[in-house]
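The values are calculated or read from the model by the stated rules, or taken from the named source; none is laboratory data. This one's a predicted model, so the numbers in the text were calculated from it and none came from an experiment. Cβ: placed from backbone, ideal geometry, glycine included. Neighbour counts: every protein chain shown.
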Amino acid sequence: MEFREATRQDLPVVLALLADAGEERAEVTEAHEQAFAAIAADPRNEMLVLADADAVVGCLQLTYIPGLGQGGRERALVEAVRIREDRRGGGLGAELMRLAVERARGRGCGLVQLTSNKRRSGAHRFYERLGFARSHEGFKLGLDG
């Protein structure tokens with residue numbers, strides 16, 4: 001397995017993973033192109049993939065947030081964690097998260113945080129098995145329409 005930054009060539013597969021579309025490739029729009037370019041150009045953002053010899057099998061985004069808490073150290077925000085549906089259950093998700101935590105630790109982050117949809121109880125159990133604690137209640141405000 002290879003853990004690396006995503007390239008533009010990975011974008012259709014990453015979008016398919018985010019859409020939970022299995023091995024299919026998702027249509028890349030101009031908005032996706034712009035978002036990917038912004039992530040790639042920003043030293044505080046990383047779109048990362050886990051790939052075997054044949055294909056990308058997982059992804060996540062890490063965003064490093066500066067702050068005054070944690071002794072002034074950055075915190076790492078994990079988003080968009082996905083493992084290809086036909087590869088779930090074999091430990092790849094745990095490996096992907098382990099590698100992301102190590103990456104954040106290597107950067108000097110004081111903590112790693114994430115949010116998960118309240119309806120995803122299986123994901124909640126997964127994150128708790130990895131040592132994540134339910135420490136805060138999250139809120140979101142949609143800005144569309």
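Observations, loosely collected:
- Candidates are the residues of the range 114-126 that are surrounded by 15 or more Cβ atoms within 10 Å (Cβ to Cβ) and without any contact (Cβ under 8 Å) to a residue 24 or more places away in the chain; the one that is nearest to Asp10 (Cα to Cα) is Ser116.
- Tally, over the range 53-78, of residues that are under 23 Å from Arg129 (Cβ atoms) and at pLDDT below 95: 0
- Failed item, numbered, when Leu48 is tested on (1) touching a Leu at 6+ places or on another chain (Cβ under 8 Å); (2) over 24 Å from His124 (Cβ atoms): (2)
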